[in-house]
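Mind looking over this structure? Questions follow.
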């Protein structure tokens, strides 16, 4: 973020209102909002400007309508302005949603900008290839880029002359998000995996390569592999720190020069190089996707890992049960688990069979995402929700229970009750803070005549406490043997009437919500005491001595608990979960890495 | 100790959604003809939402009206801004907003509502049920949770019962929502 740039813009707007800006203070405010509070820079800019204007008793200036003669060059457009421009409509695309009537790109000699016309109150649509004058259009910001909004108040006047327009060619290494023209050769054509997409692949020039996309709705023309094109006014977008260009084939013209030497791109980050490793292929699945040639599980003497062989590694299929030596692989993290990534430049050679020490058993309570070997018994079988799933439910050992999944693969068979199994090389996944084991690829070895005493502490649920119900906090209970009902404020029990010799209790009743299910939850006294470090005696002290009494207790508990994430172990009674144990959740940075990979993993 | 309870209704879960995705939402619908049936906002990633949970930074608040006063607040997450309101029907949420000094991290549970602006745009605002001051750690947790929930929705798009409506109303570019998630996650990296 460029603090200085924002400060300058704010000061200019203040000066326009005859306010003398305090640069240091503005800069400090930006840092506070952006660095400390994670506010996006544009929101910070708006907030600070409004706050300072308010201090001086002034209003936010209304967006200015520039005088008609005042034509702004496209390169100078800045978000928030009302402008008049003259430009050529260089491409139009089908609207992405019914609310939008048209999208496209308009250019003049200085540069180009994307435009959008909303369906509601839309003026006439623009025609590709024509020059026009747009009065009172609004420069908006869309996904971090300036975008021109043509609305019902915009006047569109066609200009009936074709003015010269020469786009400036940007080399691929110099691309940045926005609109750019380039010259490049199509070097790879990938399979299309989105129904709105017409074509995708890789285009390159002497400086590097970039992913390209062609959406449906424009010209049906396909770009030919190995052909060099001049591409005018393509939209450059940033994703995962990588750029991609969206191309309209109508703006591409093939060039004669096919001798363009393309520089290939650098490999991805967030992985570290591995020394030579030797391991046995435990399981392998081929041709997973266009980009992935194979994936599976490999066991080394130090442990077992998931592996991915990328298509660009150009490696022949591996055989299950064989030993291989791998050089040039990398270790990455995928969904919280270590994973060996075998890509371009890696080498794999078969080596002779050797003994593999039996993998150590991991108790259920100690499992973490990755590969593990477990000794368990079927605890509960759940109704299958899909044909692809053979069986799911809970398995357990002496240390706890865990959800398992068995997909309907060839050779897979259901777990039987009252049988102890050793499962070698199961995949441990994490989802919503809960672990599960996938037994589909694992080798199952039933034991005869043995049993395990499964520990059943209840289930672990993670979620946000989105609601605290009335009747929470410090309550009075009826002291009659076996009654224990909560008394009214007047110490009245519905059965035993007035009970001045009540007993105090501390509890929270509320809703724990994981985004999928909202569960009724009860935190009994011992759980509340350890979670809030507030004993019943302390709560009683507050209730009896503070002016707000019992309301003060619930106020304090609410302030500290509502809207917070908790990890709770609970037993279920009908629709109520009663907590045995609860702790505040803290951010898990391995989850952060795994999610980053998930959000960007597709682009490898 | 547990008395028999009657489950009169199933509480709507609070969906996790980033500001940039909610900003793209504009379609609302009601399940059933009953006056009391809930209204849902359709998220572009293909799931309905009747309630949402957000954690972000309160950047501004404004009191409107004297007799039936209400508070309007802006809450920013790494992807954009939520418009939050609390009126006399949500006294606790309103008092919380009144007490808070901006900037502050807040957790908000509320109902999303669609409004049409004079220039024909549809704006989604969140009518707060509860507002609490939280810390940065909770904000980070929420970004992780919301990122996972959004990616899960994207991955399960084809299987969602609301996918057809989402495709018809938004024709969403799911890749761009993945990018939004990526950018949000990058923003919380220390």
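Name the single residue, out of those in the range A:29-39 being buried (at least 16 other Cβ atoms within 10 Å of the Cβ) and touching a residue at least 24 places away in the same chain (Cβ under 8 Å), that is farthest from residue B:143 (Cα to Cα).
Going through the qualifying residues, I end up with A:30.
The rows are residues; the columns are (1) modelled with pLDDT of 85 or more; (2) more than 34 Å from the chain's Cα centre (by Cα); (3) crowded, with 16+ Cβ neighbours inside 10 Å.
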site: A:85; (1), (2), (3): yes, yes, yes
site: A:95; (1), (2), (3): no, no, yes
site: A:105; (1), (2), (3): yes, no, yes
site: A:126; (1), (2), (3): yes, yes, yes
site: A:138; (1), (2), (3): yes, no, yes
site: A:146; (1), (2), (3): no, no, yes
site: A:153; (1), (2), (3): no, yes, no
site: A:162; (1), (2), (3): no, yes, no
site: A:167; (1), (2), (3): no, yes, yes
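Please state which one of B:75, B:109, B:84 is buried (at least 23 other Cβ atoms within 10 Å of the Cβ), within 9 Å of chain A (Cβ to nearest Cβ), at pLDDT 95 or above and touching a strand residue (DSSP E or B) at 6+ places or on another chain (Cβ under 7 Å). Step through it out loud before you land on a result.
Numbers: B:75 fails: within 9 Å of chain A (Cβ to nearest Cβ); B:84 fails: within 9 Å of chain A (Cβ to nearest Cβ).
From the options B:75, B:109, B:84, the qualifying one is B:109.
So, in the range A:461-487, how many residues would count as being within 18 Å of residue A:548 (Cβ to Cβ) and surrounded by fewer than 17 Cβ atoms within 10 Å (Cβ to Cβ)? It would help to see each step written out before you state the result.
Taking the range A:461-487 and keeping what is within 18 Å of residue A:548 (Cβ to Cβ), we get A:468, A:470-476.
Within this subset, residues satisfying the condition of being surrounded by fewer than 17 Cβ atoms within 10 Å (Cβ to Cβ) are A:470-471.
Within the range A:461-487, residues that are within 18 Å of residue A:548 (Cβ to Cβ) and surrounded by fewer than 17 Cβ atoms within 10 Å (Cβ to Cβ) number 2.
Let me ask you something else. Determine if the range A:326-335 includes at least one residue that is surrounded by 20 or more Cβ atoms within 10 Å (Cβ to Cβ), outside the structural domain of residue A:436 (by TED's automatic domain parsing), at pLDDT 85 or above and assigned to a strand (DSSP E or B).
yes
To keep it simple, each residue is scored yes or no on (1) farther than 19 Å from residue A:527 by Cβ; (2) in contact (Cβ under 8 Å) with a residue 40 or more places away in the chain.
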| residue | (1), (2) |
| --- | --- |
| A:420 | yes, yes |
| A:451 | yes, yes |
| A:463 | no, yes |
| A:474 | no, yes |
| A:477 | no, no |
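Determine if the range B:139-148 includes at least one residue that is outside any helix (DSSP H, G or I) and modelled with pLDDT of 90 or more.
So in the range B:139-148, the residues outside any helix (DSSP H, G or I) come out as none.
Scanning the range B:139-148 turns up no residue that is outside any helix (DSSP H, G or I) and modelled with pLDDT of 90 or more.
Could you please find all residues in the range B:87-106 being crowded, with 22+ Cβ neighbours inside 10 Å and in a strand (DSSP E or B)?
Scanning the range B:87-106 gives B:105, B:106.
Please specify each residue of the range A:490-547 satisfying the condition of being within 14 Å of chain B (Cβ to nearest Cβ) and either more than 30 Å from residue B:145 (Cβ to Cβ) or over 45 Å from the mean Cα position of the chain (by Cα) (or both).
A:493, A:494, A:495, A:503, A:505
Is it true that some residue in the range B:43-50 is away from every other protein chain (no Cβ under 12 Å) and more than 28 Å from residue B:186 (Cβ to Cβ)?
yes
Filter the range B:115-126 down to the residues that are over 16 Å from residue A:466 (Cα atoms) and more than 12 Å from every other protein chain (Cβ to nearest Cβ), then identify the one that is surrounded by the most Cβ atoms within 10 Å (Cβ to Cβ). Full working, then the answer.
Residues of the range B:115-126 over 16 Å from residue A:466 (Cα atoms): B:115-125.
Add one more test, that the residue is more than 12 Å from every other protein chain (Cβ to nearest Cβ), and what stays is B:115, B:123-125.
Numbers: B:115: 10, B:123: 14, B:124: 23, B:125: 17.
It comes out as B:124.
For residues that are touching a residue at least 24 places away in the same chain (Cβ under 8 Å) and at the interface with chain A (Cβ under 8 Å from one of its Cβ atoms), tally how many sit in the range B:149-171.
Counting residues in the range B:149-171 that are touching a residue at least 24 places away in the same chain (Cβ under 8 Å) and at the interface with chain A (Cβ under 8 Å from one of its Cβ atoms) gives 4.
Return the pair list, or none, for Cβ contacts closer than 8 Å from residues in the range A:120-132 that are in contact (Cβ under 8 Å) with a residue 60 or more places away in the chain to residues that are outside any loop (DSSP other than H, G, I, E, B) and surrounded by 14 or more Cβ atoms within 10 Å (Cβ to Cβ), at least 6 apart or on different chains.
Within 8 Å, the pairs are A:128/A:89; A:128/A:90; A:128/A:91; A:128/A:92; A:128/A:104; A:128/A:250.
Could you say whether any residue in the range A:354-367 is closer than 30 Å to residue B:142 by Cβ, modelled with pLDDT of 85 or more and either surrounded by 18 or more Cβ atoms within 10 Å (Cβ to Cβ) or outside the structural domain of residue A:565 (by TED's automatic domain parsing) (or both)? I'd like the intermediate steps shown before the answer.
Our first condition is that a residue be closer than 30 Å to residue B:142 by Cβ; within the range A:354-367, this holds for A:364-367.
Applying the additional criterion that residues be modelled with pLDDT of 85 or more yields A:364, A:367.
Imposing the further condition that a residue be either surrounded by 18 or more Cβ atoms within 10 Å (Cβ to Cβ) or outside the structural domain of residue A:565 (by TED's automatic domain parsing) (or both) reduces the set to A:364, A:367.
Among the residues of the range A:354-367, at least one is closer than 30 Å to residue B:142 by Cβ, modelled with pLDDT of 85 or more and either surrounded by 18 or more Cβ atoms within 10 Å (Cβ to Cβ) or outside the structural domain of residue A:565 (by TED's automatic domain parsing) (or both), which makes the answer yes.
Consider the range A:15-28. How many of its residues are surrounded by fewer than 20 Cβ atoms within 10 Å (Cβ to Cβ) and touching a helix residue (DSSP H, G or I) at 6+ places or on another chain (Cβ under 8 Å)?
Residues of the range A:15-28 surrounded by fewer than 20 Cβ atoms within 10 Å (Cβ to Cβ): A:15-25, A:27-28.
Okay, now just the ones that are also touching a helix residue (DSSP H, G or I) at 6+ places or on another chain (Cβ under 8 Å), so A:17, A:19-21, A:23, A:27.
Residues in the range A:15-28 being surrounded by fewer than 20 Cβ atoms within 10 Å (Cβ to Cβ) and touching a helix residue (DSSP H, G or I) at 6+ places or on another chain (Cβ under 8 Å): 6 in total.
For the range A:109-120, what are the residues that are touching a strand residue (DSSP E or B) at 6+ places or on another chain (Cβ under 7 Å) and within 14 Å of chain B (Cβ to nearest Cβ)?
Scanning the range A:109-120 gives A:114, A:116, A:117, A:118, A:119.
Every residue, every condition in (1) under 30 Å from residue B:165 (Cα atoms); (2) within 11 Å of chain B (Cβ to nearest Cβ), yes or no:
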site	(1), (2)
A:78	no, no
A:87	no, no
A:92	yes, no
A:100	yes, yes
A:107	no, no
A:122	yes, yes
A:125	yes, no
A:139	no, no
A:148	yes, no
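Further, regarding this structure: Taking the range A:550-580, which residues are more than 9 Å from every other protein chain (Cβ to nearest Cβ), touching a residue at least 60 places away in the same chain (Cβ under 8 Å) and within 17 Å of residue A:463 (Cβ to Cβ)?
Across the range A:550-580, the qualifying residues are A:566, A:567, A:568, A:569, A:570, A:571, A:572, A:577, A:580.
The values are calculated or read from the model by the stated rules, or taken from the named source; none is laboratory data. Bear in mind that the values here come from a model prediction, so they are computed numbers and not experimental data. Neighbour counts are summed over all protein chains in view; Cβ atoms, including those assigned to glycine, are modelled from backbone coordinates with ideal geometry.
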